[in-house]
1. To the nearest 20 debye, what charge dipole does the chain have about its Cα centre, counting +1 at the Cβ of each Lys and Arg and -1 at the Cβ of each Asp and Glu?
2. Over the chain, with a Gaussian network built from C-alpha contacts below 10 Å, which listed residue (Phe37, Phe132, Phe105) shows the highest mean-square fluctuation?
3. Which of the aspartates and glutamates could be linked to Lys168 by a straight reach, that is with a Cα gap under 18 Å, when you skip same-chain ones fewer than 8 residues away?
4. Top mean-square fluctuation among Glu184, Glu130, Glu145, Gaussian network model of the chain, C-alpha springs under 10 Å?
5. When only alpha-carbon atoms are used, what values of Rg and Dmax, in angstrom, describe the chain?
6. List the residue ranges in the chain for DSSP H helices whose C-alpha atoms run 15 angstrom or more along the long axis and whose Kyte-Doolittle average is 1.6 or above.
7. Return the whole-Å distance between the Cα centroid of the range 78-111 and the Cα centroid of the range 142-167.
8. Using a Cα-Cα cut-off of under 14 Å, which aspartates and glutamates could be cross-linked to Lys183, ignoring same-chain neighbours fewer than 8 residues away?
Amino acid sequence: MGFFQNLADRFYLNFIADERWHYVTDGLKATLIITFFALIIGVVLGFLLALIRSTYDRTGKKFLKWESIGDFLLWILNIFAKVYLTIIRGTPVVVQLLIIYFVIFGSVNIEKVVVAVLAFGLNSAAYVAEIFRSGIMSIDIGQTEAGRSLGFNYWQTMWYIILPQAFKNVLPTLGNEFIVLLKETSVSGYIALQDLTKGGDIIRSRTYDAFFPLIAVAIIYLVMVMIFTKLVSMLERRLQQSER
């Protein structure tokens, strides 16, 4: 009984006393907000970057072979996309977070949640872009030619024929990227933002007991990942059924 009584006392000290459970719930709320809006930025920007790069690769417009101003703009956009992907994928997300907060917005009074959303959204976009691009490029070029033979222009062919197939192909990888994004938000504490991980660490600093708060944080992350994985699996099955 003494062992269980000790656990009960430690649980009370960490979560019940002084309503310390609020650190966990408030942190969880911040984590979900950051993940949700960063996910939107990552998908939208990543999709646009993937379209730019895949269009450039498929149309084969090379340097000094432009036939219109559109070809020149595509070349410029492709260079920007490649530089962006190289920088974002080549540097740690925590460094990007610190640069955005202390350098870019260092002299501006801005909400830390907004900074975190921008940092994780821009970081995720680089990986989402390559996922989408690989999915688009995996579709046989004959699909594009078939669309053009039906009277579709390039963008209609891309929207109605290529992208639906590409999305189905990359869905598992895309779901994994979203899970990584959720877990990456745990470094938000570097800018003193109280996310889920920081909330657990605050409790630890108050009670000097690391076991309960950190295990609680780990369990919450695990449950969220399991739920998200289940949702992705359900979507995959739904898409597979629609093909039959």
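Only the coordinates and a few stated rules stand behind these numbers; no lab work does. In this text the structure is predicted, and so the values were computed from the model without any measurement. We place every Cβ from the backbone using ideal geometry, glycine too, and count neighbours over all the protein chains shown.
1. Dipole magnitude for the chain comes out near 460 debye.
2. Phe105
3. Partners within reach: Glu130, Asp140, Glu177, Glu236, Glu243.
4. Maximum among the listed residues: Glu145.
5. Looking at the chain, its Cα Rg and Dmax stand at 22.8, 82 Å.
6. Within the chain not a single helix satisfies the rule.
7. Centre-to-centre distance over Cα atoms comes out at 35 Å.
8. Asp195
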